[in-house]
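Peer 1: Quick one: the structure is below, questions incoming.
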Amino acid sequence: MFGALVGDIIGSAYEFNNVKTKEFSFFNHETRFTDDSVLTLAISSYFLKFPDELNRDELLKIIKNTTRKYINAGYGPSFLRWINSESSLPYNSYGNGAAMRVSPVSYISKSLDETILLSDFVTSITHNHPEGIKGARCIAVSIYLLLQGASKREIKEYVQNNFYSLDFDYSDLVQNYKFEISCQKSVPQAIYLFLISDNYIDALKNAISIGGDSDTISDMVLALSESYYLNKNNKEGYSITKALSIENKQEMIDLNSKALSYLTKDLSEICRVFDEKYALMIDKEFINYPNK
Ligand SMILES: [Mg+2]
């Protein structure tokens with residue numbers, strides 16, 4: 001599950017400072033964890049605590065408590081109002097917040113139907129607009145299928161048949177893509193950028209290089225990439241990573257490990273415990289969890 005966090009943290013420096021190139025430094029003085037990491041970990045915490053129960057009140061409590069603890073993580077204005085209110089009702093959002101936080105669901109689920117059920121459960125707490133539900137489902141199902149060993153071709157077909165058109169051109173995105181916060185204008189782009197990537201680090205560079213909501217796009221792209229390139233059960237993706245040079249593998253370890261060091265001790269511990277319990281198929285050779 002750490003891929004989403006690594007993507008968020010590296011992307012954080014470029015959300016308001018888009019770089020339309022694949023040549024950029026992974027870390028700079030703006031690098032931090034943002035709302036994407038906090039919410040992904042809030043959902044992970046819920047499943048660690050209630051692995052077999054869909055308890056809306058408890059999920060609500062965990063999301064509100066966790067986000068209030070990290071209130072300066074960079075939430076959107078409507079979500080921030082919701083956090084600070086006593087409201088327990090969703091607010092009909094179709095923002096990409098639905099999709100950037102959903103990846104833990106894919107690791108918990110034991111079937112495609114369960115992935116959809118759990119995705120809707122965690123999404124509808126705030127993002128109950130049909131496009132919010134759809135964006136989260138698309139990311140959750142894609143990661144679930146990749147974890148089961150799906151190829152890129154299968155993901156492309158599944159997404160095009162069930163969710164979105166992926167008819168993009170990379171140079172056109174680099175030139176013309178702008179800041180978009182809706183699921184429908186960022187989730188299909190994230191899927192596409194993953195599909196055209198050569199490896200894990202290339203996927204991250206693709207994600208940042210189109211600009212826009214960089215932390216959230218790279219959160220989604222690296223969540224997908226982890227479940228493909230670092231997944232021992234995904235023959236197609238894992239063989240690409242295994243064939244990389246020692247230097248390239250070391251670059252991935254350094255990137256993942258350094259990114260997670262930006263989390264607080266509490267947050268990185270949730271990540272480590274969740275991955276230890278649910279992400280057994282992910283090759284942990286590519287990460288050193290901080291404070292281990
Ligand atoms: Mg963010």
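Peer 1: Past 18 Å, Cα to Cα: identify those pairs from Lys235/Lys258; Lys235/Lys284; Lys69/Lys258; Lys134/Lys185; Lys61/Lys185; Lys20/Lys178, in the order given. Kindly include the intermediate steps, with their values, before the conclusion.
Peer 2: Values: Lys235/Lys258 27 Å; Lys235/Lys284 16 Å; Lys69/Lys258 23 Å; Lys134/Lys185 12 Å; Lys61/Lys185 30 Å; Lys20/Lys178 11 Å.
Over 18 Å Cα-Cα: Lys235/Lys258; Lys69/Lys258; Lys61/Lys185.
Peer 1: While we're looking at this one, here's another question. Largest first, how would Ser171, Ser225 line up by accessible area (1.4 Å probe)?
Peer 2: Values: Ser171 70, Ser225 0 Å².
Accessible-area ranking of Ser171, Ser225, largest first: Ser171, Ser225.
Peer 1: List, in order, the whole-Hz ³J(HN,Hα) value for each residue of segment 61-74 obtained from phi through the Karplus relation with A = 6.51, B = -1.76, C = 1.60 and θ = phi - 60°; use x for Gly and Pro.
Peer 2: 4, 5, 5, 5, 5, 5, 5, 5, 5, 10, 5, 9, 7, x
Peer 1: Could you sort Phe27, Phe16, Phe47 by their accessible area in this structure, using a 1.4 Å probe and putting the largest first?
Peer 2: Details: Phe27 40, Phe16 160, Phe47 0 Å².
Per-residue accessible area, sorted high to low, gives Phe16, Phe27, Phe47.
Peer 1: How much FRET efficiency would the formula 1/(1 + (r/R0)^6) give for Asp202 and Gln175, where r is the Cβ-Cβ distance and R0 is 25 Å, rounded to 0.05?
Peer 2: On the way: r = 19 Å, r/R0 = 0.77.
It comes out at approximately 0.85.
Peer 1: A further question follows. What is the distance in Å between the Cα centres of segment 129-164 and segment 229-280?
Peer 2: Measuring centre to centre over Cα atoms gives 22 Å.
Peer 1: Still on this structure: Do any GluC sites (Glu not before Pro) in segment 39-117 lie in a loop, going by DSSP, with at most 15 other beta-carbon atoms within 10 Å of their beta carbon, and if so which? Let's see the in-between values first.
Peer 2: On the way: sites: Glu53, Glu58, Glu86, Glu114; in loops: Glu53, Glu86.
Answer by residue number: Glu53, Glu86.
Peer 1: Additional query: Per residue of segment 214-225, what does 6.51 cos²θ - 1.76 cosθ + 1.60 with θ = phi - 60° give for ³J(HN,Hα)? Whole Hz please, x for Gly and Pro, Karplus curve as stated.
Peer 2: So the J values, rounded to whole Hz, are 4, 5, 6, 5, 6, 4, 5, 5, 6, 4, 5, 5.
Peer 1: Then there is this: Which one, Met220, Met252, Met100, has the greatest fluctuation when you compute a Gaussian network model over the chain with C-alpha springs under 10 angstrom?
Peer 2: Highest fluctuation among the options: Met252.
Peer 1: Follow-up. If ligands, DNA and RNA are left out, what is the accessible area of Ser87 with a 1.4 Å probe, given in Å² to the nearest 10?
Peer 2: Surface open to solvent at Ser87 totals about 40 Å².
Peer 1: Length gain on complete extension for the stretch Gln250 to Ser111, per 0.36 nm per residue less the alpha carbon to alpha carbon distance?
Peer 2: Working: separation 139, 0.36 × 139 = 50.04 nm, distance 3.38 nm.
So the extension gain works out to 46.7 nm.
Peer 1: How do Ser261, Ser85 rank by accessible surface area computed with a 1.4 Å probe, from largest to smallest? Each step should come with its number before you reach the end.
Peer 2: Working: Ser261 70, Ser85 35 Å².
Largest to smallest exposure gives the sequence Ser261, Ser85.
Peer 1: Take the alpha-carbon centre of segment 13-77, take the same for segment 100-120, and report the distance between them in whole Å.
Peer 2: 17 Å
Peer 1: State, in angstrom, two size descriptors of the chain derived from its alpha carbons: Rg to one decimal place and Dmax to the nearest whole number.
Peer 2: Considering the chain through its Cα atoms, Rg and Dmax are 17.1, 53 Å.
The values are calculated or read from the model by the stated rules, or taken from the named source; none is laboratory data. From a predicted model like this one, the values you see are computed outputs, not experimental measurements. We place every Cβ from the backbone using ideal geometry, glycine too, and count neighbours over all the protein chains shown. To get the accessible areas, we keep the full protein, side chains included, count just its heavy atoms, and leave off ligands, DNA and RNA. Shrake-Rupley method; radii C 1.70, N 1.55, O 1.52, S 1.80 Å.
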